[in-house]
Amino acid sequence: MTADELARRLLMKLMTARTDLAAYIQMRKAKGYMSVNENDRLREMFFALALEIRDKSERLQEIQDRDTRSAMYSAEEALSSAAVSLMTGRRDCANFISVNVDKLERSLNILDYSLQYLNEHSPLAEA
């Protein structure tokens, strides 16, 4: 798999993660809390994708455009930040969690900017 193919595959996963994070934030705002199961599933997915990006960093270094690499790593940092935020919020109830939405929205904004750059500068768009 070439570095460009890897970047496209990771971009698709990042877009899915972005959609999931946006949906989580919307539901959290509407309900005021989330179930621990929903929270843990999303957190583990974010940590797994961030780890995959870090594990593939050597391969991603083959991408010629330094700004594209930077956008990929910014997206990874946003996912990691969101995952850490999802570790907070447990209070007295074992079944529900109340995560700080402001922190998640900051992560979502960074992820949005990174994905926008990656979409505009992807090898598919240049072909």
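What the table shows:
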read-out: Residue in segment 93-107 that is basic (Lys, Arg) and touching a strand residue (DSSP E or B) at 6+ places or on another chain (Cβ under 9 Å) present; value: no
read-out: Any helices (runs of 4 or more DSSP H) falling wholly within segment 34-119 and containing at least 3 residues that are closer than 19 Å to Met12 by Cβ and among the aliphatic types (A, V, I, L, M); value: 36-55, 66-85
read-out: Odd one out for Arg28 among (1) under 24 Å from Met1 (Cα atoms); (2) touching a helix residue (DSSP H, G or I) at 6+ places or on another chain (Cβ under 6 Å); value: (1)
read-out: Top-ranked residue in segment 8-26 [being in contact (Cβ under 8 Å) with a residue 40 or more places away in the chain and not hydrophobic (A, V, I, L, M, F, W, C); ranked as nearest to Arg59 (Cα to Cα)]; value: Arg8
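Table: residues versus (1) more than 16 Å from the chain's Cα centre (by Cα); (2) closer than 18 Å to Leu118 by Cα.
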{"position": "Met15", "(1), (2)": "no, yes"}
{"position": "Ser35", "(1), (2)": "yes, no"}
{"position": "Asn39", "(1), (2)": "no, no"}
{"position": "Leu42", "(1), (2)": "no, no"}
{"position": "Arg66", "(1), (2)": "yes, yes"}
{"position": "Ser74", "(1), (2)": "no, yes"}
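Values quoted throughout were computed directly from the atomic coordinates according to the rules given, and no laboratory measurement underlies them. Here the structure is a predicted model, which is why all the values come from computation and not from measurement. Here the Cβ is made from the backbone with ideal geometry for all residues, glycine too, and neighbour counts use every protein chain on show.
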